[in-house]
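The values are calculated or read from the model by the stated rules, or taken from the named source; none is laboratory data. Everything numeric in this text was worked out from a predicted model, so none of it was measured. No Cβ is skipped: glycine too gets one built from the backbone with ideal geometry, and neighbour counts run over all protein chains shown.
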Amino acid sequence: MPSLSQKEIDSVFRSLQSQNGDEQLSQKAELFNFRRLDRIAKSQLRAIHLLHDNFVRNLMSSLSAYLRTYLMVNLVSVEQLSYAEFLECLPSPTCITSLGLRPYAGNAVLELNSSLIFPILEILLGGNGKASISIQREITEIEQNLLDGLFRIILRDLKEAWKGVTNIDFTIDSLETDPQFLQILSPSEAVVAIAIEIRIGETIGMMNIAIPSIIIKMMRQKFDQQWTVRKSEATSDEQIRVLNLIRPAIVTAQIVLDGPTLLLEDLVKLEEGDVLTFDYPVDKPLDLFINGKRKFNGQIATLGQRLAFAVEDIYTPHPARLAAQ
């Protein structure tokens, strides 16, 4: 039976170790897509979600006032897609516009579903927008002109929402009815897609916005600055929110006449007709307690036929007493 030399045995072990190392590396390795170099960080994506959350709240008020009807606007999602994937999600025919992003070089996309466009047109022309018939056709030039006011409101609120990060002048450069005709970006270019649901009565439709990721990456420093300012303002905003929540709470107010101490045995001996002397100066202010805590000083007053309490100043405890507490 042939025997292996030590050199041959070492060679076999080195070969096995090399194969195991390659397998481990292959399990950890992930394919890198060189077409997605312009994707943005998740933290920046969350900031964009918060920004457009404010946008939809303002838009709901603006559109309700413009159309003179109640509607709901909800932010559905904020995600990164390729421009080709974004276009594939859009219906056809639809109303899709190319937006200028001055002073930034590039264009964004704003799309409104036909299921929204025609009920809105009906409302603008005096109807109630509750027609049950779904219309699927391209909009005419006259209808495009009727929608100018609607787009002005949307772009105004969008500009206002972005003002906290940077000043962007959103303008409509062109309008199409087929998404495939609006090839303003490379199909593989990454975009941030914002999906917004608009509900008018029983009619539900989507508004979709796509902003090139490479333009948002250029604003990264401005997003960081805006986030720093927002964190410093969060404390005061939270205080206002909590104050609004507790405003309806009911508190107990008591006016206390501070008197002398009394022995328990004397208290037990009190009978009907006994008189206690407090020796309280007439000009000494009384204390107003709120839920058992001393808060104000003042005097007894009258308000019409009723007794009242006139607050003279806010009670400030003595420093030594504060230290004891």
Is it the case that the range 279-288 has a residue that's modelled with pLDDT under 85 and either within 30 Å of V78 (Cα to Cα) or assigned to a helix (DSSP H, G or I) (or both)? no
Look at S134 and say whether it is assigned by TED's automatic domain parsing to the domain that holds H49 and either surrounded by 18 or more Cβ atoms within 10 Å (Cβ to Cβ) or outside any loop (DSSP other than H, G, I, E, B) (or both). no
Count of the range 291-309 residues which are in contact with a Ser or Thr (Cβ under 8 Å, 6 or more places away or on another chain) and modelled with pLDDT under 85: 2
With respect to E88, is the statement that it is among the acidic types (D, E) and either over 25 Å from I139 (Cβ atoms) or surrounded by 15 or more Cβ atoms within 10 Å (Cβ to Cβ) (or both) true? no
Of (1) without any contact (Cβ under 8 Å) to a residue 12 or more places away in the chain; (2) surrounded by 13 or more Cβ atoms within 10 Å (Cβ to Cβ), R57 satisfies all except one. Which? (1)
Can you tell which of I184, I154 is of a type in the set (A, V, I, L, M), more than 14 Å from L59 (Cβ to Cβ) and surrounded by 15 or more Cβ atoms within 10 Å (Cβ to Cβ)? I184
Got a number for residues in the range 171-194 being in a loop (DSSP other than H, G, I, E, B) and among the acidic types (D, E)? 2
For the range 236-257, which residues satisfy the criterion of being surrounded by 10 or more Cβ atoms within 10 Å (Cβ to Cβ), under 31 Å from the mean Cα position of the chain (by Cα) and of a type in the set (S, T, N, Q)? Q239
How many of the residues in the range 63-80 are among the polar types (S, T, N, Q), surrounded by 18 or more Cβ atoms within 10 Å (Cβ to Cβ) and either within 14 Å of the chain's Cα centre (by Cα) or in a helix (DSSP H, G or I) (or both)? 0
Among the residues of the range 91-106, how many are surrounded by 20 or more Cβ atoms within 10 Å (Cβ to Cβ), among the polar types (S, T, N, Q) and closer than 14 Å to I211 by Cα? 1
The range 282-302, residues that are exposed (fewer than 15 other Cβ atoms within 10 Å of the Cβ), aliphatic (A, V, I, L, M) and under 48 Å from the mean Cα position of the chain (by Cα): I290
